[in-house]
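Comments concern the structure below.
Where a number appears in this text, it was derived from the coordinates with a stated rule and is not lab data. Just so it is clear, the structure is predicted and the values come from calculations on it, not from any experiment. Counting neighbours? That spans all protein chains shown, and the Cβs are built from the backbone with ideal geometry, glycine included.
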Amino acid sequence: MKVKKWTSVALLLFVFSLWYAGLVEAHEKSIILSTTTSTQDSGLLDVLIPVFEKKTGFFVKTIAVGSGQAMAMGQKGEADVLLVHSPAAEKKFVAEGYGINRRLIMHNDFIIVGPPEDSAKIKGLKSASEAFKKIASANALFLSRADKSGTHVKEMDIWKAAGIKPEGEKWYQQTGLGMGQTLNVTAEKKGYTLADRGTYLAVKKNLGLDILVEGDAILLNIYHVIEVNPAKWPKVNVPGGKAFADFMVSKETQDIIRTFGVDKFGSPLFFPDAGKKEEELGK
């Protein structure tokens, strides 16, 4: 009887050890990617992540928020790797020791979109700040993401360049939403907003919004990948985060980025930049 009892206990311990080992392996094979809504809404991640998962065996849990929120997650150790587009905030994030190995991935640009009627008469202007001035002087409805995203930070830079503080004005409304949703609200209300070109092209079919201002140097939109620093957060999945970052700068991925959107929109939604210097972009 004693032999049988101990055999049962040993069997239970063995089963438990297998279960626990499986949990550990599943955790080690899962990575949390904190990224911007633009990479999600544009459909780019829907193409890239299955390729990465098949190639590496890692499983990616994607959390799409604004760049500010993505970096806040990194500061709390709630992500393993970030894909973001807010350069000044990114540099601060790395300088404060929260991130390592910040690498350039790609760029596209921001555009100012609005209704075809264009009550503020900004269509064709070469200066984004001049366009914002005309929107303000016309009291034309402007929708802001107001979510500390890279897009929101860029919007604030343009208002500053225009010498205008829009908060509190009746014509200035804050959505607190991601890019795709903010574009939908802008369309419903026939207002203006700042958007990244990739998301706009991906969802423009039913919007009824036109590109009114583009091409100003201030509208450049640059994306980097950053690994969360394990010195700050020892539980970070270091191999997984590095594998994803390495994947994003690989030739295979850069080639996918180079052609993503061409078949549907006639031009790419993003331009690959791995290995380049930031100051070379937009020239």
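Could you check the spin-label model distance between Ala217 and Arg258? Points 7 Å from the Cα along Cα→Cβ, value in nm. So the label points at Ala217 and Arg258 sit 2.7 nm apart.
Against the chain, whose longest principal axis comes from its Cα atoms, helix 150-162 is set at around 30 degrees. Mean sequence separation of contacting Cα pairs (under 8 Å, at least six apart), scaled by the length of region 109-219, corresponds to a relative contact order of 49 percent. The Lys165 and Glu279 beta-carbon pair, evaluated with R₀ = 41 Å, returns a calculated FRET efficiency of approximately 0.85. Alpha-carbon geometry of region 112-179: the Rg and the Dmax are 11.4, 30 Å, given in that order.
Helix-only mean residue ellipticity at 222 nm, the chain, DSSP H runs n ≥ 4 weighted -39,500 (n - 2.57), per residue, nearest 500. What is it? If you can, show how the numbers build up before the last one.
Working: 12 runs with 129 residues, N = 283.
About -13500 deg cm²/dmol.
Seen against the Cα atoms of the chain and their longest principal axis, helix 2-28 is set at about 20 degrees.
Checked against a 20 Å cut-off, the cross-linked pairs Lys54/Lys242; Lys92/Lys232; Lys61/Lys204 give Cα-Cα distances beyond that limit for Lys61/Lys204.
Using r as the Cβ-Cβ distance of Thr62 and Lys29, and R0 as 25 Å, what FRET efficiency do you calculate, to the nearest 0.05? The value I calculate is 0.95.
Binning the C-alpha pair distances of region 194-238 at 5 Å intervals from 0 yields a P(r) profile of 5, 15, 18, 13, 10, 8, 11, 10, 8, 2 %, listed from the shortest bin outward.
Were the residues from Lys126 through Ala231 laid out at 0.36 nm apart, the gain over their Cα-Cα distance would be 33.3 nm. Taking only alpha carbon atoms, the chain gives an Rg to Rh ratio of 1.11, where Rh is the Kirkwood radius.
With respect to the cross-link table entries Lys76/Lys235; Lys133/Lys189; Lys126/Lys277; Lys134/Lys205; Lys126/Lys154, which display a Cα-Cα separation exceeding 23 Å?
Details: Lys76/Lys235 11 Å; Lys133/Lys189 20 Å; Lys126/Lys277 25 Å; Lys134/Lys205 27 Å; Lys126/Lys154 17 Å.
Where the Cα-Cα span goes over 23 Å, the pairs concerned are Lys126/Lys277; Lys134/Lys205.
Rounded to the nearest 10 degrees, the angle from helix 179-189 to the longest Cα principal axis of the chain is 40 degrees. Percentage of Cα-Cα pair distances in region 75-156 greater than 23 Å, rounded to whole percent? Every Cα pair in region 75-156 considered, those over 23 Å come to 39 percent.
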